[in-house]
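The values are calculated or read from the model by the stated rules, or taken from the named source; none is laboratory data. Quick caveat, the model's predicted, so the values are computed rather than measured. FYI the Cβ positions are ideal-geometry reconstructions off the backbone, even for glycines, and counts take in every protein chain you see. For the accessible areas, the whole protein counts, side chains as well, though only heavy atoms, and no ligand, DNA or RNA atoms are used. Shrake-Rupley method; radii C 1.70, N 1.55, O 1.52, S 1.80 Å.
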Amino acid sequence: MKSAPPVVLALAGHDPSGGAGIQADIETIHAQGCHATTAITCLTVQDSSEVWRVQPVEAGFFLEQARCVTRDLPPASIKIGLVPDEAVAAAIDELLEALPGVPVVLDPVLHAGGGRPLSAVAWLHPLLARATLVTPNRREARLLAGEEEMSEAARALLAAGAGGVLVTGADEAEGAEVVNSLFGRLEPQSPPSPACGGGRMLERDHEMIQWRWPRLPGSYHGSGCTLASAIAARLALGEPLEEAVARGQAFTQAALEAAIGPGKGQHIPWR
Ligand code: PLP
């Protein structure tokens with residue numbers, strides 16, 4: 001029998017279009033050579049253009065799913081996606097309380113691509129202190145932190161207990177490049193991060209590293225899920241945070257470059 005790869009537990013919603021949510025997580029985690037276990041936070045009615053409806057899973061049932069699978073297949077890392085209500089947020093908090101030391105990547109999904117609100121800052125805030133890394137885009141960083149300026153927002157999220165903050169830059173800034181910034185207590189002496197897949201490290205000091213990537217045309221359904229899951233899987237494989245973040249970005253960029261357009265809306269990353 002093949003030796004078991006690390007297990008990554010994904011806590012996320014179901015997107016029937018297969019672009020975002022749990023399917024994005026499973027495909028990404030598998031592509032990193034890890035095994036995905038899952039607990040579904042919500043069902044959705046959605047296509048590649050818009051989320052039409054969200055049906056949260058009853059929080060007690062969600063927790064039962066997660067606890068059952070976690071007892072049998074202990075996770076080496078955990079990825080949190082769409083948190084559809086306060087009760088599911090509290091259930092996640094309870095689950096994580098019993099799993100100290102397991103790295104957690106929190107993707108704060110606040111809005112659908114079409115603009116519809118999907119979660120709330122107040123539900124996510126208590127989970128920040130559980131997160132090894134939180135991966136907001138610029139808009140999510142501002143909303144979560146209540147700060148306009150990006151480094152101030154990141155500092156506020158670190159002060160709220162997040163171990164690191166990766167602010168992604170694809171959503172708002174203009175220009176030929178996307179700049180992603182990792183904030184946290186970083187090792188100044190550590191060797192340069194791998195800069196594969198066309199990414200280049202832009203700047204680093206003891207509390208921030210920036211990478212820049214060629215901006216791709218079009219918009220993508222599930223890019224944030226892909227990035228957060230890839231980083232969670234790299235952490236499960238034992239990589240230090242900075243390396244996991246660099247490799248997670250490279251994987252995501254490649255999946256976006258190879259994206260497919262099976263529907264009428266956003267492109268879907270090919271993972
Ligand atoms: N998770 C679910 C279940 C979703 O439906 C969505 C988007 O609509 C997301 C996550 C976030 O997707 P993205 O990675 O494109 O931000």
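At-a-glance table
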item: Residue 146, sole failed condition from (1) over 18 Å from residue 185 (Cα atoms); (2) within 16 Å of the ligand (Cβ to nearest atom); result: (2)
item: Selection count, the range 228-271, where residues are open to solvent by 30 Å² or more (accessible area, probe 1.4 Å), among the polar types (S, T, N, Q) and part of a helix (DSSP H, G or I); result: 0
item: Those residues of the range 111-140 which are part of a helix (DSSP H, G or I) and either under 15 Å from residue 21 (Cα atoms) or β-branched (Val, Ile, Thr) (or both), in sequence order; result: 121
item: Among residues of the range 40-84, those that are in contact (Cβ under 8 Å) with a residue 40 or more places away in the chain and either within 12 Å of the ligand (Cβ to nearest atom) or not in a helix (DSSP H, G or I) (or both), counted; result: 21
item: Any hit, the range 112-132, residues being over 25 Å from residue 235 (Cα atoms), surrounded by 15 or more Cβ atoms within 10 Å (Cβ to Cβ) and modelled with pLDDT under 95; result: yes
item: Among (1) in a helix (DSSP H, G or I); (2) open to solvent by 10 Å² or more (accessible area, probe 1.4 Å) - the single one residue 100 does not satisfy; result: (1)
